[in-house]
Amino acid sequence: MIYLKLLLAMLIWGGTFTSAKMLGNEMDPIISALFRFVLASSALLLIVLFKHGKLPKISKKQFFALLGMGATGIASYNLLFFYGLLHAEASRGSLITASNPVLTAIASIFLFKEKLTPVRLIGLVLCVFGAFLIISKGDFSILFNKGIGIGELAFIGCAFSWAIYTLIGRFISNELSSLVAITYASCFGTVFLLVVALIFKPLSIVSAVNNLNLTVGLHLLYLAILATVIGFVWFQEGVKVLGAARAAVFIYFMPVSAVFIAFFVLNEQLSLVLLTGAGLIISGIYLVNRKPAS
């Protein structure tokens with residue numbers, strides 16, 4: 001069941017690149033990130049209150065860990081995410097962001113003593129190659145011809161932010177439920193985003209509220225409820241059950257789902273390169289997550 005939840009979370013997250021790109025045409029990236037998590041935090045708080053009757057207390061150690069999750073996986077990641085989409089193609093962004101499982105796996109070896117067996121290493125390589133194959137459409141040179149611009153740098157920051165977020169989540173995964181952890185992290189991240197918005201874009205908040213329309217509202221609901229409330233909780237459950245490195249490798253499904261969503265929504269072509277890349281990624285995830293023979 002946890003594998004299905006992770007796959008569905010990646011399917012939802014694959015759609016965020018298209019949704020956020022379209023939302024960026026209507027709203028400032030700082031305000032987009034803020035509104036997304038105001039909605040998400042409100043929904044998460046309501047769910048926790050309904051389930052527990054109150055927001056569970058946390059220790060001082062948990063407070064700082066969750067504060068770190070809010071600063072990295074919520075505030076930093078989303079500011080860089082929305083900003084990156086203004087200056088780079090969504091496909092290039094999904095590829096760069098998908099590099100974070102490698103960072104997570106390497107860090108997990110040193111921090112949590114997770115084993116990187118030869119089979120798991122082969123799985124990671126297959127995932128990386130499959131992701132590059134899909135986004136480059138079989139021509140790796142196009143990934144480098146444009147060089148690394150400010151948008152690409154923003155997405156590199158996304159990858160590092162999410163890797164840190166995942167590792168902190170592993171650190172407290174046995175102490176708090178996924179729902180409670182995500183709720184605290186989301187609320188802390190929302191506070192960070194509000195402070196940034198009040199400092200840099202105070203007038204844009206009022207303007208964005210006055211210019212809300214159905215299209216903007218639907219994008220915000222998708223990003224807040226599906227991608228955040230559901231996606232984040234399922235991903236945190238994966239970290240708790242499988243470990244940081246094994247859960248993070250599912251991120252490679254994000255560019256796969258992004259391309260398939262484009263096929264169904266935008267009628268883009270399903271090529272042999274795409275199907276080959278998807279097969280490599282699926283095989284890589286299987287190798288990373290398979291149980292060693294006893």
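The values are calculated or read from the model by the stated rules, or taken from the named source; none is laboratory data. Here the structure is a predicted model, which is why all the values come from computation and not from measurement. Here the Cβ is made from the backbone with ideal geometry for all residues, glycine too, and neighbour counts use every protein chain on show.
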Query raised in the report: Take the residues of the range 184-212 that are small (G, A, S) and touching a residue at least 12 places away in the same chain (Cβ under 8 Å): which is surrounded by the fewest Cβ atoms within 10 Å (Cβ to Cβ)?
Result: S204
Query - Where T97 falls short, out of the listed (1) at pLDDT 70 or above; (2) under 21 Å from S257 (Cβ atoms); (3) not hydrophobic (A, V, I, L, M, F, W, C) - result: (1)
**Report entry** Sole residue being crowded, with 23+ Cβ neighbours inside 10 Å and either of a type in the set (S, T, N, Q) or in contact with a helix residue (DSSP H, G or I) (Cβ under 8 Å, 6 or more places away or on another chain) (or both), chosen from I74, I58
**Finding:** I74
Report task. Evaluate the following for A33: is it part of a helix (DSSP H, G or I), at pLDDT 85 or above and closer than 23 Å to L176 by Cα? Result -> no
